[in-house]
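The values are calculated or read from the model by the stated rules, or taken from the named source; none is laboratory data. Please read these numbers as outputs of a predicted model, since none were measured by experiment. Because the Cβ atoms are built from the backbone with ideal geometry, glycine has one as well, and the counts that use them run over all protein chains shown. Heavy atoms of the whole protein, side chains included, go into the accessibility calculation; ligands, DNA and RNA do not. Shrake-Rupley method; radii C 1.70, N 1.55, O 1.52, S 1.80 Å.
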There are 2 protein chains.
Amino acid sequence: MPHEKVLDDISHRRYNPLNGSWLLVSPHRTKRPWQGQQEAPSKNQLPEYDPKCYLCPGNQRAQGDANPQYQNTFAFVNDYSAVKEEQQDYSPDPKTEDVASLLLQAQPVTGRCYVLTFSPKHDTTLADMRAQEILPVIETWTRIYASHLSSSHPLKTEAVRAVQDIPANADGEVDPPKHQLRYMQIFENKGAAMGCSNPHPHCQIWTTSTLPEEPGKELIQMAKYKQEHDGRHLLGDYVKLEVEKKERVVWQNDSFLVVCPWWAIWPFEVIVIAKRHVRALVDLTDDERLQFAEAIQEVTRRYDNLFETNFPYSSGIHQAPLDCTEDEAKASWFHMHFYPPLLRSATVRKFLVGYELMAEPQRDITPEQAAAKLRDCGGELYRKSL
Amino acid sequence: MPHEKVLDDISHRRYNPLNGSWLLVSPHRTKRPWQGQQEAPSKNQLPEYDPKCYLCPGNQRAQGDANPQYQNTFAFVNDYSAVKEEQQDYSPDPKTEDVASLLLQAQPVTGRCYVLTFSPKHDTTLADMRAQEILPVIETWTRIYASHLSSSHPLKTEAVRAVQDIPANADGEVDPPKHQLRYMQIFENKGAAMGCSNPHPHCQIWTTSTLPEEPGKELIQMAKYKQEHDGRHLLGDYVKLEVEKKERVVWQNDSFLVVCPWWAIWPFEVIVIAKRHVRALVDLTDDERLQFAEAIQEVTRRYDNLFETNFPYSSGIHQAPLDCTEDEAKASWFHMHFYPPLLRSATVRKFLVGYELMAEPQRDITPEQAAAKLRDCGGELYRKSL
Ligand SMILES: [Zn+2]
Ligand SMILES: [Zn+2]
């Protein structure tokens, strides 16, 4: 029995070395038998084209142009962006009192937000798409990331090569921004449980003049680990460790590892990690892009199979900033987080409330138990046979 | 026009000095006119006594005893606690490889979790109760906190005095735990939107052998501020500043300030802060306990009045740890957070998803706009006249 087996039975905290925080794990609360599926498997009732959807090809957007008849992906600037490229200046009043300058700190943020569709089909999801069909999404992410890099970026050469290798796709083209931005956050919000009102498969890409909290904390932790451990990488070491330990591994191919991380907060949280030192999308080779598409397909299909439902989640990619030092690029390690709220069935969800907001995140089922369940549902997408 | 007025129009980040993190504010997205109430005001349809409720007086709990015919509050150990007092030992394997000891860190956590009812009435809420009726809740919190303090605690004398001053209430009595614990987190989860299934007014009290993340980060930030600013307190300075600036103040009495903090994440988040240096519940005088009850009454009634609904929220008290050094007690400053998810009406809520999970919390309406609305709805509880 591995030494850590006792952690299946006792309350404990686990440390997240990637962002430097702890969470509470209460496995004794899951002693009731696993009941499996409680509801009938959900079918897909959506039309392939919805005339009212602002993301379907050919449709008019409320405050924008008409969408083209795109074939794969389509990117456009969000009509309701959380940040804008141009706005009034703001700098803290230099005459301000000492205490206000400490306790009422603000920084202006500029940037640009995009919406990117994954497919012209209103009724599909990443779980329904083959890896070959997900590939154009990754190619478009790579193109957009490359076009936003600073001119002196450590990955500029890789960016030029990557864009040359990728087949042209006019619908995924966006103009580079006027001012150099600091970070690009690619994220998907899927399902009504995540507050997403439009089922048309899409993600958002927010680029900002500031480095946001979460990737910022991770970058600091990764740089610190590298410095303290002879230049070794936190996620490089972690990949090796998990491949060896096996118990948290959900799936892997030559280039990517899918695990329920030791420090997972969400019941079926997974992280997709590059096995070699990939700093950002532009580092990926043709073959690695396809292997990344495979990894995304495996995660999303297993999610849907788990409770035979269209599984909600938020996912996001962390990689090197758009404008960064040589050291920051070196410390970056490409990975993708999936945070799904479902717990025991299509209708029983976890809420991040109460103790979790006031004190510390908490989970019942262990990451090892979650990984075992996700390993076991790798078959064909359940709704293909409904 | 105050210098910061430009922040009403531009995207910016604000710094939370209490936990050391930033959030994104996008006020330009609220330019649409305020639409006010969209739904009919909600009545209270609940019975005063529900024979199926496990918190009503006299009822039998699933895994526990029968509840007494209590008059005010009633405390009992949670039948499904997230932590237990006794469990197997765990200490990391000293022979373990270097990398696993860095990346797979765990700590055992023991403790005890209580449920505390606020009233025998199934159909009431803090918003319905008068300050005099909320007072026994605060008295019970104080008693329970006092009975869990370590024998050498810097506030032991204050604890003895406080308990002597409080009228006896056998129903709120709990035995002290066998082993000294580190922190007591008092929190309320109210409403189905917060995943709370039982409307009977109650809170939870989780005591643990470890100091949880959130109060732990706050304690570090407060101690740092104190050290760097001639022994002045972060929240002491903040109270003075906000009383002066006025724009984020919702309500105040002699002893407590209610503000939408500069760094609020939730649309109508507020923080209730002691005006003088109160380190924990046991520092409060008789009069201050009543003034704290008044503050809680003002917050919860205004919340319900805002959208004429039974307003959901998570709230929680941060104070000195149960077992702490003299310095930790000195750095602590008593306050209570309220995190409500509603945004524009009883049915439009904020989701903490996507960008907020992957990158950084984000809000549209500014704390100044939120405070103005909460100042304006201080009248009688809306449902009294339905
Ligand atoms: Zn990350
Ligand atoms: Zn606090």
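In this structure, A:Gly316 does not satisfy being crowded, with 23+ Cβ neighbours inside 10 Å, away from ligand 1 (no atom under 16 Å from the Cβ) and within 14 Å of another protein chain (Cβ to nearest Cβ). Taking the conditions (1) within 16 Å of ligand 2 (Cβ to nearest atom); (2) touching a Pro at 6+ places or on another chain (Cβ under 8 Å) in turn, B:Ser315 satisfies each one other than (2). Counting residues in segment B:131-149 that are surrounded by fewer than 17 Cβ atoms within 10 Å (Cβ to Cβ) and not in a helix (DSSP H, G or I) gives zero.
Taking (1) away from every other protein chain (no Cβ under 14 Å); (2) closer than 30 Å to B:Leu342 by Cα in turn, A:Asp287 satisfies each apart from (2).
Residues that are in contact with a helix residue (DSSP H, G or I) (Cβ under 6 Å, 6 or more places away or on another chain), within 16 Å of ligand 2 (Cβ to nearest atom) and under 28 Å from B:Glu218 (Cα atoms): does segment A:360-370 have at least one?
Within segment A:360-370, the first condition is being in contact with a helix residue (DSSP H, G or I) (Cβ under 6 Å, 6 or more places away or on another chain), and the residues that meet it are A:360, A:362, A:364-366.
With the extra rule that they be within 16 Å of ligand 2 (Cβ to nearest atom), the set shrinks to A:360.
Subsequent filtering for residues that are under 28 Å from B:Glu218 (Cα atoms) retains A:360.
Checking segment A:360-370: at least one residue is in contact with a helix residue (DSSP H, G or I) (Cβ under 6 Å, 6 or more places away or on another chain), within 16 Å of ligand 2 (Cβ to nearest atom) and under 28 Å from B:Glu218 (Cα atoms).
Within segment B:221-235, track down each residue that is free of Cβ contacts under 8 Å to residues at least 60 places away in the same chain and away from chain A (no Cβ under 12 Å).
Going residue by residue through segment B:221-235, those that are free of Cβ contacts under 8 Å to residues at least 60 places away in the same chain are B:224, B:227-232.
If the condition is that a residue be free of Cβ contacts under 8 Å to residues at least 60 places away in the same chain and away from chain A (no Cβ under 12 Å), then B:Gln227, B:Gly231 are the ones that fit.
Looking at B:Arg375, is it of a type in the set (D, E, K, R), surrounded by fewer than 18 Cβ atoms within 10 Å (Cβ to Cβ), away from ligand 1 (no atom under 16 Å from the Cβ) and away from every other protein chain (no Cβ under 14 Å)? For B:Arg375, the condition - of a type in the set (D, E, K, R), surrounded by fewer than 18 Cβ atoms within 10 Å (Cβ to Cβ), away from ligand 1 (no atom under 16 Å from the Cβ) and away from every other protein chain (no Cβ under 14 Å) - is met. Within segment A:284-309, the set of residues being open to solvent by 10 Å² or more (accessible area, probe 1.4 Å) and among the hydroxyl-bearing types (Ser, Thr, Tyr) comprises A:Thr285, A:Thr309.
When restricted to residues that are under 15 Å from B:Thr125 (Cβ atoms) and not small (Gly, Ala, Ser), segment B:42-55 contains 9.
Yes or no, residue by residue, for (1) hydrophobic (A, V, I, L, M, F, W, C); (2) in contact with a strand residue (DSSP E or B) (Cβ under 7 Å, 6 or more places away or on another chain):
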residue	(1), (2)
A:Val243	yes, yes
A:Trp251	yes, yes
A:Phe256	yes, yes
A:Val278	yes, no
A:Asp287	no, no
A:Thr309	no, no
A:Pro312	no, yes
A:His318	no, yes
A:Ala329	yes, no
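Considering only segment A:39-96, state which residues are closer than 23 Å to A:Pro201 by Cβ, within 14 Å of another protein chain (Cβ to nearest Cβ) and crowded, with 16+ Cβ neighbours inside 10 Å. Selection gives A:Asn78, A:Ser81, A:Ala82. Residues of segment A:202-227 that are in contact with a strand residue (DSSP E or B) (Cβ under 8 Å, 6 or more places away or on another chain), open to solvent by 10 Å² or more (accessible area, probe 1.4 Å) and among the charged types (D, E, K, R): A:Glu213, A:Glu214.
So which of A:Leu306, A:Leu235, A:Leu219 is away from ligand 2 (no atom under 16 Å from the Cβ) and either under 21 Å from A:Ala146 (Cβ atoms) or not in a helix (DSSP H, G or I) (or both)?
The conditions single out A:Leu219.
Against the list (1) outside any loop (DSSP other than H, G, I, E, B); (2) open to solvent by 50 Å² or more (accessible area, probe 1.4 Å), the condition A:Asp175 fails is (1). Under the condition of being over 22 Å from A:Tyr339 (Cα atoms) and at the interface with chain B (Cβ under 10 Å from one of its Cβ atoms), the residues counted in segment A:242-269 number 2. Among the residues of segment B:320-352, just one is open to solvent by 10 Å² or more (accessible area, probe 1.4 Å), within 21 Å of B:Ile265 (Cβ to Cβ), within 16 Å of ligand 2 (Cβ to nearest atom) and away from chain A (no Cβ under 11 Å), namely B:Trp333.
Condition check ((1) touching a residue at least 60 places away in the same chain (Cβ under 8 Å); (2) within 18 Å of B:Leu23 (Cβ to Cβ)) across all residues:
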position: B:Ala264; (1), (2): yes, yes
position: B:Pro267; (1), (2): yes, yes
position: B:Thr300; (1), (2): yes, no
position: B:Tyr303; (1), (2): yes, no
position: B:Pro312; (1), (2): yes, no
position: B:Gly316; (1), (2): yes, no
position: B:Gly354; (1), (2): no, yes
